[in-house]
Each structure stands twice: as C-alpha cells, then as structure tokens.
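A.B. asks: Before I ask anything, here is the structure I am working with.
The values are calculated or read from the model by the stated rules, or taken from the named source; none is laboratory data. Please read all numbers here as calculations on a predicted model, not as lab measurements. Every residue, glycine as well, gets a Cβ built from its backbone with ideal geometry; the counts of neighbours run over all protein chains shown.
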Amino acid sequence: MKDCRQFYIDGQWVDPMQANDFPVENPSTEEQVAVITLGTAEDVDKAVAAARRAFDSFGFSSREERIELLEKLLAVYKERYDEMAEAISVEMGAPVDFAAADQADCGRGHIATALKALKSFEFEHQSANARIVKEPVGVCGFITPWNWPINQIACKVAPALATGCTMVLKPSEIAPLSAHVFSDMIHQAGFPAGVYNMIHGDGPGVGAAISSHRDIDMVSFTGSTRAGTAISRAAADTVKRVALELGGKSPNIIFDDTDLEKAVTRGVVHCMDNVGQSCNAPTRMLVPADRYEEAVEIAARAANEVKVGKSDQHGDHIGPLVSRPHFEKVQGMIQAAIEEGARVAAGGPGKPEGLETGYFTKPTVFADVNNKMNIAREEVFGPVLAMIPYQTEEEAIEIANDTPYGLAAYVQSDDEERVARVTRRLRAGMVRVNGAPHIYSSPFGGYKQSGNGREWGEYGFDDFLETKAISQPMG
C-alpha cells in the first residue's frame, strides 16, 4: 500500500499540519491501495503563502524561461508515462490499455499544446496610444475531479505555468495518485519553489478554503454544477475570478440522411466510453420517430456487445465506476428511470454476471424516454443512454437545447447544409459531427449551467491573464 500522506509545498514534500488519513480504493477490486491525509485551511494558508512569494519572481519570468521549464516537464512526463498510466488505472479503475492510450495521453497532450501556444502567443501589442499588455492573473487555486484526473490537472496547470501564474492544486481525494506522480514530475523538472503546490483534501475542507482565500486571485474548478455554484458563492466575497467546467447532458442528434447502424453504434460506444464518466458524454440520443424502434434495436445490440472487465486486464473493455457511493447513485438512477416509465432495452440494474466484486455496472439503454423525464435531464455519470424520438429537424433542435446544460452536442448527418444549419443553432460550447474528435488545441467548455471560460490550447490562456493598457503621449 502506498503512503501518499505528504503534500507538495514550496518545492518539497512536507507533512500535513495534522493527520486525517483517508483510504484510497481500487474500484476494480474494492481493496485499499494507498492512504492520503485530508488537509486543512492551515495547510492551504501555507501553500498560498509559498505561491504568493514565488509569484513575485515567476510572474515576471521571461517567455524563454517558461518554455525551457515546460520542455523539461514534457520530457519528464514522457519518461514516466507508464507510471502515470498505472496510477490512473489503479485509482479510478480505467482499464490498463485505455489508461495508457487515452487517460495518460491527456497530460502529455496538454503540456505539449500549451508549450506550442506559448512560443507564439502575443502578450503585448500596440493599440493607438496604448500598449496593451497581457499579464499573469497571480496565484491560482485548482480543484480537479476524479473522472479524467490528469486531463483536468494538466489542462489547468500547463497554461497557468505558461502564462507565469503560481498555483495551489487540490486533486480529487478519490483519485489522488496521478496528482502525486505529477507533482513529483514538476519537482523533477526543476520549477522554482512555490510555483506549484499540491494539497490533498476534500471539498468542504481544502476546496472551500481555496475558494474563499483572500490571497488567491482566481479559482478554476471542474466538477458538478452543484459544487460549482458553491465555489462561486465562496469566492464572491473576495471578487476573485472563477472559471468553471461543469456538468452536461449532451444530445446526439441522428438524422435520417446518414447510416443509422453506424451512427447509433458509434453513439452507444461513445456514451459508454470511460464507463460514461465524462461530462461531455452523448447521453441523450435523438432519433427520427419513424425509425425509432429500429434505432433502439441497434443500440441495444451495441450496448450488449460492450465488454466490462477488471482494470488490470488488457483489452477494449470498460471498467468499474469509481467508488461505492457513485455506484449506488448510478444504480439508484437506473431504478428511478424504470419506475418513471422508461423501458430497459439493454442492461438495467445490478452488476454484470461474474463481476460481483468491484463497482461494475451494466451498459444500459433506455427506450420510451421523453425529455421531461429525470433520466433525460439529470447527469447520470455512468454507462446509461436515454433514447428520445423526434418528428422534425426543428423538434430535434428544440429537444437538444431543452436542458440546463450546454457543454457538448453531437450531430450525425451526411447533408452538409443541414450540418451547417443545425450546428449553429445548438446551444453548446462544443459540437462534434459524424464522430470527429475534439483535439487538444480546440477550446473546451460550455454554455449555461455547464460553466464559463474555456480550457485547452491557447484558448486556455485567457483565464490566467489580466489585460493592462499603458497609455503614453503621442509624438
């Protein structure tokens, strides 16, 4: 069992102010694999003080200095790539091949993309009689989730480092091992003491202390909309900048001018990816009413072909949900959907046969769903798809937009004019057409209750920069 009870503060691993041990469980085996300590507001004070001191110099570092440091970090990450993949697989149950090919690659991808953007980013330009300067916002507080752990850490830390900010990170206490590895990578890369600090803790303790801290200039949070609103309230008294990437209930509109078999199958596989534990998962599938039953049959067949297995096994299967409380929540939502009148086309309550140990859930497809049902409106964060019929293109757009969220949307159509028309009308920050990937250099973020601001690539720089106008006499 790994001992990860120390925090990374001011360039070194230090003991917490007081012990408050918290077990880390492998959700595939239900066995304890590590222990951390949950920090306190006093630990946050210590880390923030270190970040504030470091900002006095790092905030004025040159582009070349920051490029050199990020290049070192990228090299270290590549050297220790397998270690990161293993940590993610153990902490949140990602199958080893998926952890290596997808989850761990996010850290590499975001560091490399931020580094590329830094080399050409325009921090200054002349406008009339004023010099417009982009300067680092200051000390940042990061609160990150468990579902794509290094993805959310790297897509905040990399642009913050690139722009000259210093920071305090609170990773998820449920999946903290990847953050521990990443912190050691930062140390190995040689970043100045205090630039990056990491404290383990929970939301009510460390998260709340970060959100309300008077010496933190901005907070970036990824997680549930409920938690995001609490962070915004806590940050309000100090009028700090708040960037939020929150929940989603993303629609996947399948039109009748495309190959139904391919489109539905692709949509099911994408929904089940990462066991449905992705905020941008296409969890509402909208299909033409006159082909609804055909689509349901295809979806059920595709869901039944999704393999479920242990995280230490090689293959293209999905693993367990991240924890017992989350497993119980997802099971409760599946049962509630049945009671609400949704028809189980595939999967349903309970665990897959032969997987009694671990938090495994059946890939589930619900038919006979309308957009007013809870299963169509609430984020399940599990391998659960709701299928909704529509009559016209106009109705499909109306259903797609009828949600408090606006993170992502998906369109399947071979009609280019229709694609152009529909994608512009969807109220979502990201729209993916016919299975196209969302790459590291594209902005990531949403409308409405899915948050504010954008992450990834050069678009991720904006939240970490202040704009200053330096006006001088003409002539």
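A.B. asks: Specify which of the listed residues (A386, A408, A342) is buried (at least 16 other Cβ atoms within 10 Å of the Cβ) and more than 23 Å from the chain's Cα centre (by Cα). It would help to see each step written out before you state the result.
C.D. replies: Working: A386 fails: more than 23 Å from the chain's Cα centre (by Cα); A408 fails: more than 23 Å from the chain's Cα centre (by Cα).
Within the list A386, A408, A342, the selection yields A342.
A.B. asks: Pick from I67, I88: which is surrounded by fewer than 16 Cβ atoms within 10 Å (Cβ to Cβ) and over 30 Å from V239 (Cα atoms)?
C.D. replies: Details: I88 fails: surrounded by fewer than 16 Cβ atoms within 10 Å (Cβ to Cβ).
One residue alone meets the criteria, I67.
A.B. asks: Okay, next question. Of the conditions (1) surrounded by fewer than 23 Cβ atoms within 10 Å (Cβ to Cβ); (2) in contact with a Gly (Cβ under 7 Å, 6 or more places away or on another chain); (3) assigned to a helix (DSSP H, G or I); (4) not hydrophobic (A, V, I, L, M, F, W, C), T29 fails just one. Which one is it?
C.D. replies: (3)
A.B. asks: Within the stretch 261-269, identify whether any single residue is basic (K, R), surrounded by fewer than 19 Cβ atoms within 10 Å (Cβ to Cβ) and within 19 Å of the chain's Cα centre (by Cα), and answer yes or no. Outline the logic, then answer.
C.D. replies: Of all residues in the stretch 261-269, those basic (K, R) come to 262, 266.
When the remaining residues are screened for being surrounded by fewer than 19 Cβ atoms within 10 Å (Cβ to Cβ), the result is 262.
Filter once more, so that each one left must be within 19 Å of the chain's Cα centre (by Cα): none.
No, the stretch 261-269 contains no residue that is basic (K, R), surrounded by fewer than 19 Cβ atoms within 10 Å (Cβ to Cβ) and within 19 Å of the chain's Cα centre (by Cα).
A.B. asks: Looking at the stretch 441-453, which of its residues are in contact (Cβ under 8 Å) with a residue 24 or more places away in the chain, within 17 Å of K116 (Cβ to Cβ) and of a type outside the set (S, T, N, Q)? Let's see the steps before the verdict.
C.D. replies: From the stretch 441-453, those in contact (Cβ under 8 Å) with a residue 24 or more places away in the chain are 441, 444-453; that's our starting set.
When the remaining residues are screened for being within 17 Å of K116 (Cβ to Cβ), the result is 441, 444.
Of everything in the stretch 441-453, just one residue is in contact (Cβ under 8 Å) with a residue 24 or more places away in the chain, within 17 Å of K116 (Cβ to Cβ) and of a type outside the set (S, T, N, Q), namely F444.
A.B. asks: Could you list, in sequence order, the residues of the stretch 164-212 that are of a type in the set (S, T, N, Q) and within 28 Å of T229 (Cβ to Cβ)?
C.D. replies: Initial filter on the stretch 164-212 (of a type in the set (S, T, N, Q)): 166, 172, 178, 183, 188, 197, 211-212.
Passing the criteria: T166, S172, S178, N197, S211, S212.
A.B. asks: Tell me which residues, restricted to the stretch 184-199, are surrounded by fewer than 21 Cβ atoms within 10 Å (Cβ to Cβ) and either under 18 Å from the mean Cα position of the chain (by Cα) or under 24 Å from G59 (Cβ atoms) (or both).
C.D. replies: Of all residues in the stretch 184-199, those surrounded by fewer than 21 Cβ atoms within 10 Å (Cβ to Cβ) come to 184, 187-190, 192-193.
Of everything in the stretch 184-199, those that are surrounded by fewer than 21 Cβ atoms within 10 Å (Cβ to Cβ) and either under 18 Å from the mean Cα position of the chain (by Cα) or under 24 Å from G59 (Cβ atoms) (or both) turn out to be H187, Q188, A189, G190, P192, A193.
A.B. asks: Oh, and also: For the subset of the stretch 32-64 comprising residues that are exposed (fewer than 14 other Cβ atoms within 10 Å of the Cβ), outside any helix (DSSP H, G or I) and not hydrophobic (A, V, I, L, M, F, W, C), which member is nearest to the chain's Cα centre (by Cα)?
C.D. replies: Among those residues, the one meeting the criterion is Q32.
A.B. asks: Which condition from (1) out of contact with any strand residue (DSSP E or B) (no Cβ under 6 Å at 6 or more places or on another chain); (2) in contact (Cβ under 8 Å) with a residue 40 or more places away in the chain; (3) surrounded by fewer than 21 Cβ atoms within 10 Å (Cβ to Cβ) is the one that N151 breaks?
C.D. replies: (3)
A.B. asks: Here's another thing I want to ask about it. Just give me the residues in the stretch 199-255 being in contact with a helix residue (DSSP H, G or I) (Cβ under 6 Å, 6 or more places away or on another chain), over 20 Å from G460 (Cα atoms) and part of a loop (DSSP other than H, G, I, E, B), in sequence order.
C.D. replies: I199, H213, D215
A.B. asks: Suppose we filter V76, V96 for residues that are in the same structural domain as S183 (by TED's automatic domain parsing), at pLDDT 95 or above, over 22 Å from the mean Cα position of the chain (by Cα) and of a type in the set (V, I, T); which single one remains? It would help to see each step written out before you state the result.
C.D. replies: Details: V96 fails: over 22 Å from the mean Cα position of the chain (by Cα).
So the residue among V76, V96 that is in the same structural domain as S183 (by TED's automatic domain parsing), at pLDDT 95 or above, over 22 Å from the mean Cα position of the chain (by Cα) and of a type in the set (V, I, T) is V76.
For (1) hydroxyl-bearing (S, T, Y); (2) in a helix (DSSP H, G or I); (3) in contact (Cβ under 8 Å) with a residue 60 or more places away in the chain; (4) under 19 Å from N274 (Cβ atoms), each residue gets a yes or a no:
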| position | (1), (2), (3), (4) |
| --- | --- |
| E339 | no, yes, no, no |
| E353 | no, no, no, no |
| T357 | yes, no, yes, no |
| A400 | no, yes, yes, no |
| R421 | no, yes, no, no |
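A.B. asks: Test K170 against the stated conditions and say whether it is under 15 Å from the mean Cα position of the chain (by Cα) and within 25 Å of K2 (Cα to Cα).
C.D. replies: Values: under 15 Å from the mean Cα position of the chain (by Cα): yes; within 25 Å of K2 (Cα to Cα): yes.
The answer is yes for K170.
A.B. asks: Could you check the stretch 457-475 and list, in sequence order, the residues that are exposed (fewer than 14 other Cβ atoms within 10 Å of the Cβ) and without any contact (Cβ under 8 Å) to a residue 24 or more places away in the chain?
C.D. replies: G475
A.B. asks: Any residue in the stretch 92-104 that's surrounded by fewer than 24 Cβ atoms within 10 Å (Cβ to Cβ): show its pairings with residues that are part of a helix (DSSP H, G or I) and of a type in the set (D, E) at Cβ separation under 8 Å, as long as the two are six or more apart or on different chains.
C.D. replies: V96/E86; A100/D82
A.B. asks: Is there a residue in the stretch 112-130 that is in contact with a strand residue (DSSP E or B) (Cβ under 7 Å, 6 or more places away or on another chain), within 25 Å of A162 (Cα to Cα), outside the structural domain of G315 (by TED's automatic domain parsing) and not hydrophobic (A, V, I, L, M, F, W, C)?
C.D. replies: So in the stretch 112-130, the residues in contact with a strand residue (DSSP E or B) (Cβ under 7 Å, 6 or more places away or on another chain) come out as 123-125, 129-130.
Filter once more, keeping what is within 25 Å of A162 (Cα to Cα): 123-125, 130.
Right, trim to outside the structural domain of G315 (by TED's automatic domain parsing) and you get 123-125, 130.
Narrowing the set further to residues that are not hydrophobic (A, V, I, L, M, F, W, C) leaves 124-125.
The answer is yes, given that some residue of the stretch 112-130 is in contact with a strand residue (DSSP E or B) (Cβ under 7 Å, 6 or more places away or on another chain), within 25 Å of A162 (Cα to Cα), outside the structural domain of G315 (by TED's automatic domain parsing) and not hydrophobic (A, V, I, L, M, F, W, C).
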